[in-house]
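These notes concern the structure reproduced below.
The values are calculated or read from the model by the stated rules, or taken from the named source; none is laboratory data. Small disclaimer: the values here were computed from a predicted structure and weren't measured. Positions of Cβ are generated from backbone atoms using ideal geometry, with glycine treated the same way; all protein chains shown enter the neighbour counts. These area figures cover heavy atoms from the full protein model, side chains too; ligands, DNA and RNA do not enter into them. Shrake-Rupley method; radii C 1.70, N 1.55, O 1.52, S 1.80 Å.
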Amino acid sequence: MNMMSESWRRTTMLFAAVLFLVLGLTGCTRGEVELKNTVSAYIQMLTESLAKPDAAKMKFFASQAEIARIDSYILFMLKEKKVLNSTMQKLDFRGVEIDKDQTKATVTAYEEWTYHYVDEKSRQPISKEEAIAYNNVYHLIKDQGHWVVDKIDSNETQSTTTPAPAEPAGAKPPAGDNSGGIRPSGKF
């Protein structure tokens, strides 16, 4: 398990380094690069946290309020005996704004994802694979000297379903929730 954690750390660091280089070459300011790196790392760790499931992985990338929100949903999914597997297909940053006192910021991004639910124990698919796109606004705050995601405003732009195994009884989202539960962007 420790090797898996170390592998993810290395992958995250490599991803951040490459992203930093690419963003630096495109004329972004250091602050913009740092914010985009934070959002990218948040997205990667959210994906891992929901699949493991373990909200503690979000500690460095999300505020306490955001971690509590994620943990709440993880507990709901565990009650339903399922976890979320998701893959980001595309990430396109559309804008960055930092307030004057450098303590709050927003990052706007367009994202495309595929995802499906798997059984908590067997890890076998229990839902159809879905493709979804979002226009997201990440609200970030400074916490102990670094940026963390505090809240996400998410707007689904499109969704499609591809054939997969049927959902077993009890794998449905709560009554009144026609979104299928959490989506990869953190919308739940």
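Once R0 is set to 25 Å, what does the formula 1/(1 + (r/R0)^6) return for the Cβ-Cβ distance between residue 87 and residue 56, expressed as a FRET efficiency to the nearest 0.05?
Numbers: r = 22 Å, r/R0 = 0.88.
About 0.70, to the nearest 0.05.
To put it simply, the accessible area of segment 62-120 at a 1.4 Å probe is 49 percent carbon and sulfur. Separation of the alpha carbons by more than 21 angstrom is noted, of 36/82; 52/104; 59/142, for 36/82; 52/104. Take segment 29-170 with all the other protein chains still there, run a 1.4 Å probe, and you get 50 Å² of accessible area per residue. By the equivalent-ellipsoid construction on the alpha carbon gyration tensor, segment 40-168 comes out with semi-axes of 28, 18, 10 Å, ordered largest to smallest.
Computed from label points 7 Å out along Cα-Cβ, the spacing between residue 135 and residue 94 is 0.4 nm.
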